[in-house]
Structure formats: C-alpha cells, structure tokens
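Values quoted throughout were computed directly from the atomic coordinates according to the rules given, and no laboratory measurement underlies them. What you are looking at is a predicted structure, and each value in this text was computed from that prediction instead of being measured.
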Amino acid sequence: MKKRITFFLGSPRKNGNTAHVLRQISKTLNAKDIESETVFLPDYDVRPCKECFTCQKEKDKPGCRIKDDMKKMFKKIKNSDVIVFAAPVFCWSFAAQIKPFIDRFFCLGKYGTDPIVSLVEGKKCALIITAGGDEQDGANFMSEGMAKMADFFRMENLGSLIIAEYTNHDILKQKAVEKKINSFAGKLIK
C-alpha cells in the first residue's frame, strides 16, 4: 500500500514562501512515488472551536457539531499516514489561517480517562515553518507547541523543518537549505 502524506497549508498566500517549500518537498516525494496532497486551508470553511464539549459525547469519532469543512479535514487526517502542518510565522506564532484547524484537534482527544483516548494515536506528524526572521523569532515556539501537541495525542512527531530568514525564493537554491529540505522529505518517507 502506498504511503499517503497530507500537507495542511495554513498561509494567507497560496503561492507564498511556505507553498514554495512544499513544492520542493513534493518533488522529492514524487520522485520516490509517494502520494501527497496539499490542502490550502483558506479554501475551506474551518471555523474556530467553540469548546462546547459536544464532541466528547462521541467516543469513537470526532463528533464536532460545527457545520463546516472540518469534517472533510477529519476524513483527510484519518486517511493520511503522515499529517504535515505548514505555516509561516505571524507575530511569533501560527498564522490565523491554520490556528482554527489546529484548535479543532480538540475533538480528536476524548477526555475523562487517563490517558485520554486519542483518535490520532500512532499517526505520524510533522511541521514546516517559514520565517522572515531567525529561528528564535517565533518558529521555535511553534515547533515546541507542535511537539507538545504530538506528545499529548500520542502521535509520532517527525520533527520540524524551519526555513528561517526567508526573504526571497533564492534561499531555496542554497545548498544547505536544499539539503535540509531533502533530509526532511526523507523523514516523511520513512
């Protein structure tokens, strides 16, 4: 069975820096005959979590009562071997376009037991971050937060790819950056 990798792109720009990095990674994956899909989250209606706890009544499925496109995202998550969150740094954190998607993972954990029941336990996940500043200018917080989320949901964290000081696309032609991207793609494939 072919491995399926889904990139959830949470950027305001469909062809911005983060999308360019995803295209580079996709080239490597395609060369290895790995199936991948990029979901541009702003194309979907994904609303913020209301923390109403309705989802907690359903123990074996998300159970979210919000009527939006997140149901499609839950299906994509379920059918993926590797879930990759991808976003630029905005004000030292995740861009608004991906934050509701991340927050809606709330209903993938069923609380009231210790440990929680995780509907994504064992799934592999990773994070791609692009930043105009250096790695200590918000990307580090995003990476740390995602690692904690993966640990909480008992997902296998494949790590973060941070392309910092990304002020123009020429950075992707630098040998060190190319090597970093290819190494990260290799982690997704394993």
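At-a-glance table
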| read-out | value |
| --- | --- |
| DSSP beta bridge pairing in the chain, given as percent antiparallel to the nearest 5 | 15 |
| Theoretical ellipticity at 222 nm over the chain - DSSP helices of four or more residues, -39500 (n - 2.57) apiece, nearest 500 | -9500 deg cm²/dmol |
| Projected-area mean, the stretch 4-189, by convex hull of Cα positions, square nanometres | 10.1 |
| Inter-part distance where the stretch 12-81 and the stretch 138-190 are each reduced to a Cα centre, Å | 17 |
| Within straight-line cross-link reach of residue 124, aspartates and glutamates at Cα separation under 12 Å, skipping those fewer than 8 residues along the same chain | 81, 151, 156 |
| In Hz, Karplus ³J(HN,Hα) per residue of the stretch 176-190 (6.51, -1.76, 1.60; θ = phi - 60°; x = Gly, Pro) | 5, 6, 4, 5, 4, 5, 5, 5, 5, 4, x, 5, 5, 6, 4 |
